[in-house]
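Okay, so here's the structure we're looking at.
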Amino acid sequence: MASNRTKAVDISDSVRNQVYERDSFDGAPCCILCGSPRMLSIAHFISRSQSGLGIVENLVTLCLGCHSKFDHGYTHERISFRRQIEEYLKYKHKHWNEEMLVYRRE
């Protein structure tokens with residue numbers, strides 16, 4: 001049986017579809033960083049390991065290359081990508097703030 005935290009950080013099919021739709025250009029999902037429509041994945045802005053929720057406001061579409069650099073790249077790449085993703089999410093979600101993206105045990 002999955003814990004409440006596990007359920008909260010997982011990405012449902014419905015949320016995944018919403019993220020791909022939001023991050024589409026001319027009707028096709030693409031990486032929000034480089035624009036590639038190939039080998040796409042959904043990335044948490046606040047990671048699962050940091051209790052980042054599986055909600056639209058915490059997720060973006062990235063190609064596997066950008067996702068890997070965001071998660072494991074050189075520090076300057078990760079910082080740059082983090083800033084770009086934060087600005088994108090703030091633009092797409094008017095009331096976005098980082099505090100709303102983290103699972104809090106009740």
Give the longest segment of the chain that steers clear of trypsin sites (Lys or Arg not before Pro) in DSSP loops with at most 16 neighbouring Cβ atoms within 10 Å, not counting the sites themselves.
-> 39-93
Output row, site Tyr20, 7 Å Cα→C-beta label point, backbone N cut-off 16 Å, window segment 62-106, residues 62-64
Note down the net charge around Gln18, summing +1 for each Lys or Arg and -1 for each Asp or Glu among other residues with Cβ under 15 Å from its Cβ.
-> -2
Given all pairs of distinct Cα atoms, the chain yields a Kirkwood Rh in Å of 14.1
The long-range amide H neighbours of Phe45, using H built 1.01 Å from N in the peptide plane and a cut-off of under 5 Å, are Leu59, Val60
About its Cα centre, what dipole magnitude does the chain give when the only charges are +1 on Lys and Arg Cβ and -1 on Asp and Glu Cβ, stated in debye to the nearest 20?
-> 200
Among the aspartates and glutamates, select those whose C-alpha is under 18 Å from the C-alpha of Lys7, and discard any that sit fewer than 8 residues away in the same chain.
-> Glu57, Glu106
Which whole-Hz couplings ³J(HN,Hα) result when phi for each residue of segment 61-69 is put into the Karplus expression 6.51 cos²θ - 1.76 cosθ + 1.60, θ = phi - 60°, listed in order with x for Gly and Pro?
-> 8, 10, 6, 4, x, 5, 4, 5, 5
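Computed from the coordinates by the stated procedures, all read-outs in this text should not be read as laboratory data. Treat the numbers as computed from the prediction; the structure is a model and nothing was measured. Cβ atoms come from the backbone with ideal geometry, glycine included; neighbour counts cover every protein chain shown.
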